[in-house]
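> The structure under discussion is supplied below as structure tokens; questions concerning it will follow.
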Amino acid sequence: MDGYRGGWIEIIAGGMFSGKSEELIRRLRRSVIARQRVQVFKPVIDDRFATEEIVSRDERRLKALAVATSEQLLAKVEIGVQVVGIDEIQFFDDGVVDVCMQLADAGIRVIAAGLDQDYMRRPFGPMPALLAVAEDVSKVHAVCVRCRGAAHYSQRVAGGNAQVEVGDSSYEARCRSCYEIYTAAADEDAAVQLTMPQPAEAVR
Ligand SMILES: [Zn+2]
């Protein structure tokens with residue numbers, strides 16, 4: 001006898017520079033204009049709460065609460081909220097999938113943006129599961145810096161071999177044809193040996 005309550009999950013996925021946050025902010029702003037109660041979250045590395053903003057590359061911003069874990073995110077969702085936005089969802093723990101399901105089951109529209117793959121083109125953190133359970137998935141693309149085609153990958157061009165290398169300058173948007181396996185320079189990560197070394201000119 002319960003009717004449709006509007007809860008569902010939509011995921012905006014793509015590489016770096018693909019406009020994920022812009023699209024997230026655009027959708028959230030429409031909800032604000034429609035007078036819906038909206039809350040926005042983003043991950044922090046440390047465990048303090050902070051009221052911050054999510055900012056897109058075209059300088060659009062929206063107030064957001066930074067939380068360290070999916071459990072904290074769930075605890076901070078206010079009663080009566082109709083739309084929950086989550087930026088950089090790939091950095092959350094795997095529990096974020098259940099949290100999104102709980103929120104959607106409770107009638108909340110969940111809109112989340114995240115990197116679908118890391119610099120090695122491996123599916124990133126909880127993203128595979130989120131893409132599976134979401135009602136709606138949008139893949140957005142950047143422009144390949146080499147050939148101007150649609151770029152699906154975050155090509156690492158500087159730094160070590162850690163999955164997370166903070167800073168836009170360590171990456172370029174690349175398409176499938178222009179993507180190259182990244183090998184860190186010896187002084188940056190001497191312990192790592194890749195089985196497919198790239199020619200020296202490919203490493204910058
Ligand atoms: Zn290309």
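The values are calculated or read from the model by the stated rules, or taken from the named source; none is laboratory data. Quantities reported herein were computed from a predicted structural model and do not represent experimental measurements. Note: ideal-geometry Cβ built from the backbone for every residue, glycine included; neighbour counts use all protein chains shown. With ligands, DNA and RNA removed, areas are computed over all heavy atoms of the protein, side chains included. Shrake-Rupley method; radii C 1.70, N 1.55, O 1.52, S 1.80 Å.
> Springs between alpha-carbon atoms under 10 Å, Gaussian network over the chain: tell me which of Ala75, Ala158, Ala112 tops the mean-square fluctuations.
Ala75
> Quick one: which residues, 5 or more positions from Val137 or on another chain, have an amide H under 5 Å from its amide H? H modelled 1.01 Å from N in the peptide plane, none for Pro or chain starts.
Amide H to amide H, under 5 Å and 5 or more residues apart or across chains, Val137 pairs with Ile11.
> Does the chain come out rounded, prolate or oblate, given a ≥ b ≥ c as the square roots of the eigenvalues of its C-alpha gyration tensor, rounded meaning a/c under 1.5 and, failing that, prolate meaning a/b above b/c?
prolate
> Nearest 500 deg cm²/dmol is fine: what mean residue ellipticity at 222 nm does the chain get from its DSSP H runs of n ≥ 4 alone, each adding -39,500 (n - 2.57), divided by its residue count?
Details: 4 runs with 38 residues, N = 204.
The per-residue figure over the chain is -5500 deg cm²/dmol.
> Then there is this: Working with all protein chains in place, sort Met127, Met120 by solvent-accessible area computed with a 1.4 Å probe, largest first.
Final ranking, largest accessible area leading: Met120, Met127.
> Val55: net charge of surrounding residues, Cβ under 14 Å, Lys/Arg +1, Asp/Glu -1, itself excluded?
Summing Lys/Arg as +1 and Asp/Glu as -1 gives -1.
> Among rounded, prolate and oblate, which fits segment 1-119 when a ≥ b ≥ c are the square roots of the eigenvalues of its C-alpha gyration tensor, a/c under 1.5 means rounded, and a/b larger than b/c means prolate?
rounded
> Still on this structure, please answer the following. Which of the lysines could be linked to Lys42 by a straight reach, that is with a Cα gap under 16 Å, when you skip same-chain ones fewer than 8 residues away?
The reachable lysines, counting only those whose Cα sits under 16 Å from Lys42, are Lys20, Lys63, Lys76.
> Counting only protein heavy atoms, what percent of the accessible surface of the chain is carbon or sulfur at a 1.4 Å probe?
Carbon and sulfur: 51 percent of the exposed surface of the chain.
> I've got another one for you. Which whole-number percentage describes the relative contact order of segment 8-140, with Cα contacts under 8 Å and a sequence gap of 6 or more?
Working: 273 pairs, mean separation 49.7, N = 133.
The normalised contact order for segment 8-140 reaches 37 percent.
> Here's a follow-up. Relative to the present Cα-Cα distance, how much length would full extension add between Asp98 and Glu52 at 0.36 nm per residue of separation?
Value of the extension gain: 14.1 nm.
> Follow-up question, since we're still on this one. Ignoring ligands, DNA and RNA, how do His141, His152 rank by accessible area with a 1.4 Å probe, largest first?
The ranking, largest first, comes out as His141, His152.
> Rounded to the nearest 20 debye, what is the charge dipole size of the chain about its Cα centre when +1 sits on each Lys and Arg Cβ and -1 on each Asp and Glu Cβ?
Values: 25 positive and 30 negative charges, 191 e Å.
It comes to approximately 920 debye.
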